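The values are calculated or read from the model by the stated rules, or taken from the named source; none is laboratory data. Predicted model, so just to flag it, every value in this text is computed and none were measured. All Cβ positions, glycine included, derive from the backbone under ideal geometry; neighbour counts span all protein chains shown.
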Amino acid sequence: MLVLDTGDLPAGERAEAFQATVSANCSSSMASFEDPAAIHARMTVFDFGPAKVFNIEASGTTLRRTPRMCRAETETSIVLAVPLRTDNHLSWAREDRRFGPRDLMLVDLSLPYVYGWEGGGASYALHVDVDRLGVPRDLIHEAARTLPGSPMYDLVRDHVTRMTTQADPLAASAAAAELGAASVELMRALVVSAAGSGRLLRDTVESSMSARIQAYVRAHLREPDLTPARVAAANAISLRALYKLYEEMGQSLEQSIIEQRLQGARAELTASHRRYTSIAALARAWGFSSPSFFSHRFRAAFGLTPRQLAATRPTTRTPEPARSR
């Protein structure tokens, strides 16, 4: 979502608008500009459930978050950012560093910082709340100094780059929240691996794998060929390891898929606008090849057949989507 385009504003209002937009979507800071008479900026924000993306493209800019600002307002975001265009400079946690377009930086926004670039630059950033990340701040600060040493550095950098540069279509997809949850797990794995915490790394990698697989399943629930073999292949895991992972979660993969499909079908049956004109069409739309099996499992789960549930709530039907040939 576009939150600022200075091209729409008179030149005299651009600095104040820039300042207000950054403070509202990132952290309280003071902005100064390479050429105050020629400020150009475009900022976008995208919601991914437990994470968000905040992108800035702008002329030469420096953002300063002072100790006084930190004392006045507690900021909870942990950020992974990529410069993408030019070298960006960052003074944070008593260190001065420069980051190139292919570098990844980790920043705790609760601390003072000075951050910016010369000429036309950019900052594409993934934000996660520190409580959601579930990692102590001192571990985050340690990881920030040694981030490239993590074996997950390239993987996470490429993930953040793709997610932030393609944020518009990704945030509009049905799997946006699942992508956000998987991104949180990847950030956590990067932090604990860079900080060298072996026990935390093992726990986090397992958690990250679980979140990624469950996000994949949710994104492909409607597809009838969503088999354990396909799930395992898509996530580079053996079938045996996949079944063990679900066993440790106290679930059966096949039953989990069926239950989630049934929940989705029930939600559509009780919606105010029904998309499907028949129970068979609804069953097919949720990955069930057999309408009778669908009805049997539906009744076992909810105590009513799909037809009985549909009859309890009058709805306005919209035309059933045409099937591709």
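Restricting attention to the range 63-76, the residues that are surrounded by fewer than 17 Cβ atoms within 10 Å (Cβ to Cβ) and within 17 Å of GLY121 (Cα to Cα) add up to 1. Annotation note: of ALA211, ALA281, ALA301, the sole residue that is within 29 Å of VAL135 (Cα to Cα) and either at pLDDT 90 or above or in contact with a helix residue (DSSP H, G or I) (Cβ under 9 Å, 6 or more places away or on another chain) (or both) is ALA211. Is it the case that SER27 is at pLDDT below 95, assigned to a loop (DSSP other than H, G, I, E, B) and out of contact with any Cys (no Cβ under 7 Å at 6 or more places or on another chain)? Answer is yes for this residue. Residue pairs whose Cβ atoms lie under 7 Å apart, sitting 6 or more positions apart in sequence or on different chains, and linking a residue in the range 110-137 that is polar (S, T, N, Q) to a partner that is buried (at least 22 other Cβ atoms within 10 Å of the Cβ) and in a loop (DSSP other than H, G, I, E, B), are SER123/PRO83. Per this entry, MET43 is not counted among residues that are assigned to a helix (DSSP H, G or I) and either among the aliphatic types (A, V, I, L, M) or surrounded by 14 or more Cβ atoms within 10 Å (Cβ to Cβ) (or both).
The residue list LEU253, LEU226 contains one member that is farther than 24 Å from LEU190 by Cα and in contact with a His (Cβ under 6 Å, 6 or more places away or on another chain), which is LEU226. If I ask for residues that are under 18 Å from ALA174 (Cβ atoms) and part of a helix (DSSP H, G or I), which ones from the range 213-230 would you list? Those that are under 18 Å from ALA174 (Cβ atoms) and part of a helix (DSSP H, G or I): ILE213, GLN214, ALA215, TYR216, VAL217, ARG218, ALA219.
Scanning the range 46-79 for residues that are of a type outside the set (S, T, N, Q), part of a loop (DSSP other than H, G, I, E, B) and touching a helix residue (DSSP H, G or I) at 6+ places or on another chain (Cβ under 6 Å) yields a total of 2.
Of everything in the range 127-175, what is surrounded by fewer than 18 Cβ atoms within 10 Å (Cβ to Cβ), over 27 Å from GLY196 (Cα atoms) and at pLDDT 90 or above? Give them in sequence order. Hits for the range 127-175 are THR165, GLN166, ASP168, PRO169, ALA172.
Any residue at all in the range 213-222 that is over 26 Å from the mean Cα position of the chain (by Cα) and either of a type outside the set (Asp, Glu) or at positive phi (or both)? Scanning the range 213-222, I find no residue that is over 26 Å from the mean Cα position of the chain (by Cα) and either of a type outside the set (Asp, Glu) or at positive phi (or both), so the answer is no. Examine the range 174-187 for a residue that is in a helix (DSSP H, G or I), in contact with a helix residue (DSSP H, G or I) (Cβ under 7 Å, 6 or more places away or on another chain), within 15 Å of VAL107 (Cα to Cα) and touching a residue at least 12 places away in the same chain (Cβ under 8 Å), and state whether such a residue exists. Yes; the residues of the range 174-187 include at least one that is in a helix (DSSP H, G or I), in contact with a helix residue (DSSP H, G or I) (Cβ under 7 Å, 6 or more places away or on another chain), within 15 Å of VAL107 (Cα to Cα) and touching a residue at least 12 places away in the same chain (Cβ under 8 Å).
Each row is one residue, and each column tells you yes or no for (1) crowded, with 18+ Cβ neighbours inside 10 Å; (2) in contact (Cβ under 8 Å) with a residue 24 or more places away in the chain; (3) basic (Lys, Arg); (4) over 24 Å from SER173 (Cα atoms).
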residue	(1), (2), (3), (4)
PRO10	no, no, no, yes
GLU34	no, yes, no, yes
ALA51	yes, yes, no, no
ARG85	no, yes, yes, yes
ASN88	yes, yes, no, yes
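Any chance the range 76-87 includes a residue that's more than 21 Å from the chain's Cα centre (by Cα), more than 30 Å from ALA182 (Cβ to Cβ) and of a type in the set (Lys, Arg)? No, the range 76-87 has no match at all. Do we find that VAL130 is among the β-branched types (Val, Ile, Thr) and either under 28 Å from GLU248 (Cβ atoms) or over 17 Å from the mean Cα position of the chain (by Cα) (or both) in this structure? Here the answer is yes, as VAL130 does meet what is asked.
The residue that is surrounded by the most Cβ atoms within 10 Å (Cβ to Cβ), counting only those in the range 12-31 that are touching a residue at least 40 places away in the same chain (Cβ under 8 Å) and not hydrophobic (A, V, I, L, M, F, W, C), is SER27. Restricted to the range 88-152, the set of strands (runs of 3 or more DSSP E) holding at least 1 residues that are small (Gly, Ala, Ser) and touching a His at 6+ places or on another chain (Cβ under 8 Å) comprises 113-117.
Scanning the range 33-45 for residues that are touching a helix residue (DSSP H, G or I) at 6+ places or on another chain (Cβ under 9 Å) and not aliphatic (A, V, I, L, M) yields PHE33, PRO36, HIS40, ARG42, THR44.
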